[in-house]
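Trainee: Have a look at the structure that comes next, please.
The values are calculated or read from the model by the stated rules, or taken from the named source; none is laboratory data. In this text the structure is predicted, and so the values were computed from the model without any measurement. Surface accessibility is based on the protein's heavy atoms, side chains included, excluding ligands, DNA and RNA. Shrake-Rupley method; radii C 1.70, N 1.55, O 1.52, S 1.80 Å.
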Amino acid sequence: TGTVFVPRVMHNRATSQYVMWFENYITGGGSAGEYSAAVSNSAAGPWTLVRDRQPSPSAAKHSANFTCGGSQGDFDVLVDDDGRAYIVNTYYSWFCIEELTPDYLGGTGRTTRVTAMDPKIKGHPDGDEAPTLFKRQGLYYLTYASGCCGCKGGSVTWQHTSRSPLGPWTVDGVLLT
């Protein structure tokens, strides 16, 4: 029992399965969530857990870990036109984009890091969250909000663009303030 947070579902054409990634907070398991993955033959389920956060550290080998570090907070996934999938994880002062394995159930080790912008602005908190990774008209976009979502007056939304999911990424600036 616990909390499922930020679920993302994608269809894998190569395996004909749906893959769902989610952050998994176990009741009584501390405050840190970890990513879990499940598969199904239908977007509506039923789902079978493939990688699951376990309540004991000795069972953590079943949790998803990525090249840039262990499971973190917010994330997003993108399935590109060629069928390759990517996950973007937030590490609060930077983001990691990693190509997923062909079955979409783990990381390949092919990564890029994108520096978050809020720590560079005087008076802003050290951290960013809620990344979104998408492609439009041949250009890849990474958008995210400042780590000050609970601040009076709201937060800032940043945008980066690239010709490849693995970069290099260019800061385009602020979308909303």
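Trainee: Answer yes or no: is there a residue in segment 119-126 that is open to solvent by less than 40 Å² (accessible area, probe 1.4 Å) and modelled with pLDDT under 95.
Mentor: No.
Trainee: Still on this model: So, of the residues in segment 34-68 that are of a type in the set (Ser, Thr, Tyr) and open to solvent by 80 Å² or more (accessible area, probe 1.4 Å), which turns out to be modelled with the lowest pLDDT?
Mentor: Per the criteria, the residue is Ser58.
Trainee: Same structure, new question: Can you say whether Gly107 is modelled with pLDDT under 90 and open to solvent by 20 Å² or more (accessible area, probe 1.4 Å), as far as the supplied structure shows?
Mentor: So Gly107 fits the description; yes.
Trainee: Next question. Filter segment 1-24 for residues that are modelled with pLDDT under 80 and open to solvent by 70 Å² or more (accessible area, probe 1.4 Å); which is farthest from Thr90 (Cα to Cα)?
Mentor: My answer is Thr1.
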